[in-house]
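The structure appears below as structure tokens.
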Amino acid sequence: MKVQSTTTQQDDHFLISNYDYKSTNIEKNGDKYIAKPQITNFKFKTDTRIPKLGVMLVGWGGNNGTTLTGGILANKFNITWNSRRGTHQPNFYGSLTQSSVIKIGTCNTEEVFVPFKDVLPMVNPCDIVFGGWDINSMNLADAMNRAQVVEYDLQQKLRPYLEKLVPLPSIYYPDFIAANQGDRADNVIPGNNKLEHLNIIRKNIADFKQQNNLDKVILLWTANTERFCVEDPNVHGTAEKLLKSIESSHPEISASTIFACAACLEGCSFINGSPQNTIVPGVIELAEKAGVFVAGDDFKTGQTKFKTCLVEYLVGAGIKPKAIISYNHLGNNDGKNLSQESCFKSKERSKKTCVDDILESNKVLYPTEEELNIDHTIVIKYCPETGDSKKAMDEYIAEIFLGGRQTFAVYNVCEDSLLAAPLIMDLLLLCELFERIKFSKDSCEYQRFDTVLSWLSYLMKAPKSESGITTINALSRQRAMLENLVKVCAGLTVDDNLRLEVRYG
Ligand code: NAI
């Protein structure tokens, strides 16, 4: 695709697009709103050179880590496999960037769509070099077998590639994850000195980058859900305090926060795929200083994605959700870890907040604070027999016309990691892309996006944003935001869906 327009320029290294952003400023005057449309000029500058990308996963030997690594290798080497349903070809289904499309315009009256990945130059996932850590020493072939996610024939075909991959020893603070994980911990960095731990992780990152001749590295936490650390401004509040607390091996510094700090100090962006409060203010300051991004929290895969889609639909239709009862049972190691109350609490928090902004937006349905407090219950049960094939049963009870009730009962079954792996890949590819984009407002100097990369909220259950920026959970708004951003950077027109060119040519 090539954009021909007077508002875009392209040379060998950069694509610059000029965008007049239209918004509406609202002033409140008593009980009246005064709406003042305005236009602000933005320029977006995308570095079109694709780097050699390395990714280090924390929790590499887990279900997500093995599924992602194996899935990408299957695509890279075009490995086919057989099951009782026949012969399968590898694909990237479930990946926004690889398998979804974006409308770029109209040809006569036909709408034209292209793959998301083709709008701006992006890293090919098959070119990513993977590495990482795990507190368990199993090589990735055996770990994939343990995970029980991938079909047996594919596991066998991937074995020669995966058995060479062995996670680096990791940091293990037993107090932060469930006690039932203790028997996995046979690959840990010894000692209790948190500064030494930080330095070892930093060295691991630097060595990985150098040994693989990489242009950049991104770190992603896909290890067990930790309990929340007890956040204290004197411990976690600034970069300096955080580093001092690491130096004194403060008990409320979690393993995930050490990894986040190591990433920032090595000039790498960090993504938190679990719900705990890893990205404390001190981490954000470190990232800001290093000019890298942080993003989180908790992958938004199946049940929550559906929830933020259904609730958006109901509230958008003027129907009032009154209760959401969300029940899960799963039998993988994630479920085992979540069977401990402290870790479950982290998950409950991120699962519960995901519809707040959707409800709050509609004051017709929810005129009072009290009404916003809907009955939202989360239950997660560990049932080993279920394996990674998680069962999610949700009941949505909504109030309709004249006091009637509409109830949806939704039953969702699938391998959790087959949804998570393509999503993790998207997080990495988009984070890398956003590292190459700068913007300038009203002809001021170019700057990078905010340190907390809330553009990725479509992929996160509890999207973290820069303080003062409200969180959007509604799925279609999150997707439109990402789609429009890449279109704007490419110099394409943002679609308002009026389709006037089709109606009135
Ligand atoms: P898993 O339990 O199979 O894998 C986690 C891995 O992390 C294990 O191999 C474990 O040994 C390792 N680990 C634990 N502590 C570690 C540490 N300090 N350093 C290095 N490795 C460590 O779990 P799974 O299914 O892969 O999920 C990973 C995370 O992603 C969990 O926190 C889960 O809640 C989160 N998540 C998963 C979703 C999914 O759909 N699969 C959706 C949303 C979040």
- Message: Using Cα-Cα distances under 8 Å and only pairs 6 or more residues apart, what relative contact order does the chain have, in percent?
- Response: 18 percent
- Query: Residues with beta-carbon under 13 Å from that of Q156, excluding Q156: net charge, scoring Lys, Arg +1 and Asp, Glu -1?
  - Reply: -2
- Message: 5 Å is the cut-off here: which amide hydrogens, built 1.01 Å from N in the peptide plane, fall below it relative to G105, excluding neighbours closer than 5 in sequence?
- Response: V112
- Express as a percent, rounded to the nearest 5, the fraction of DSSP beta bridges in the stretch 249-392 (both residues included) that run antiparallel. 15 percent
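Taking all protein chains together and a probe of 1.4 Å, list M138, M1 from the most accessible to the least accessible. Display every interim value, and only then the final one.
Details: M138 65, M1 115 Å².
Heavy-atom accessible area, descending, gives M1, M138.
In percent, what relative contact order does the stretch 357-505 have, based on Cα pairs under 8 Å that are 6 or more apart in sequence? Could you put the intermediate results ahead of the total?
Details: 117 pairs, mean separation 21.1, N = 149.
Averaging sequence separation for qualifying contacts and normalising by length gives 14 percent for the stretch 357-505.
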- Task: Provide the net charge surrounding N82, with neighbours chosen by a C-beta distance below 11 Å and charges set as Lys +1, Arg +1, Asp -1, Glu -1.
- Result: +1
- Tabulate in residue order the Karplus-calculated ³J(HN,Hα) for the stretch 278-294, using 6.51 cos²θ - 1.76 cosθ + 1.60 with θ = phi - 60°, rounded to whole Hz; enter x for Gly and Pro. 5, 8, 6, x, x, 5, 4, 5, 4, 5, 4, 5, 7, x, 10, 9, 10
- Amide H contacts under 5 Å for K300, placed H, 5+ residues apart: M460, K461
- Packing-ranked peptide list from 150-159, 17-26, highest mean Cβ count within 10 angstrom first, is 150-159, 17-26
- Largest-first ranking of M393, M122 by accessible area, probe 1.4 Å, whole protein assembly kept, is M393, M122
- So how strong a dipole does the stretch 358-472 carry about its Cα centre when Lys and Arg Cβ are +1 and Asp and Glu Cβ are -1, to the nearest 20 debye? 220 debye
- Task: State the antiparallel share, in %, of DSSP beta bridges confined to the chain, rounding to the nearest 5.
- Result: 65 percent
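Sum -39500 (n - 2.57) across every DSSP H segment of at least 4 residues in the chain, then divide by the residue count to get the 222 nm mean residue ellipticity, nearest 500.
Details: 17 runs with 171 residues, N = 505.
Mean residue ellipticity at 222 nm (helix-derived): -10000 deg cm²/dmol.
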- Item | Dipole of the chain, positive direction: furthest Cα of S476, G132, V315, with charges on the beta-carbon | S476
- Accessible area of S346, 1.4 Å probe, to the nearest 10 Å²? 0 Å²
- Phi-derived 3J(HN,Hα) across the stretch 143-148 with the Karplus relation (6.51, -1.76, 1.60, θ = phi - 60°), rounded Hz, x for Gly and Pro, is 5, 5, 5, 4, 5, 6
- Message: With a 1.4 Å probe and all protein chains kept in place, how much accessible area does K32 have, in Å² rounded to the nearest 10?
- Response: 130 Å²
- Alpha-carbon centroids, the stretch 221-286 and the stretch 68-90: separation in whole Å: 37 Å
- Picking from G182, M144, Y161, whose Cα lies most toward the positive end of the charge dipole for the stretch 132-194 (charges on Cβ: Lys, Arg +1; Asp, Glu -1)? Y161
- Straight-line reach from K36: which lysines have a Cα under 25 Å away, not including same-chain ones fewer than 8 places off? K22, K28, K363, K441
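So, by mean Cβ neighbours within 10 angstrom, what's the order for 65-73, 139-147, 250-258 with the highest one leading? Please list the in-between numbers first.
Details: 65-73: 26.3, 139-147: 21.1, 250-258: 23.2.
Packing proxy ranking, top to bottom: 65-73, 250-258, 139-147.
For the stretch 426-501, with every protein chain kept in place, what is the accessible area per residue (1.4 Å probe, Å²)? Kindly include the intermediate steps, with their values, before the conclusion.
Details: 3170 Å² over 76 residues.
Solvent-accessible surface per residue comes out at 42 Å².
Listed highest first by mean packing, meaning other Cβ atoms within 10 Å per residue, what order do 329-335, 339-345, 80-86, 190-196 come in?
Numbers: 329-335: 21.9, 339-345: 17.6, 80-86: 10.3, 190-196: 14.0.
For the peptides 329-335, 339-345, 80-86, 190-196, the packing ranking is 329-335, 339-345, 190-196, 80-86.
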- Message: Is there a quick way to get the dipole size of the chain? I mean about its Cα centre, with the Cβ of Lys and Arg at +1 and of Asp and Glu at -1; what is the value in debye to the nearest 20?
- Response: 740 debye
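The values are calculated or read from the model by the stated rules, or taken from the named source; none is laboratory data. Remember, predicted model here, so these are calculated numbers, not experimental data. Every residue, glycine among them, receives a Cβ derived from its backbone with ideal geometry; neighbour counts consider all protein chains shown. Areas reflect the complete protein model, heavy atoms only, side chains present, ligands, DNA and RNA absent. Shrake-Rupley method; radii C 1.70, N 1.55, O 1.52, S 1.80 Å.
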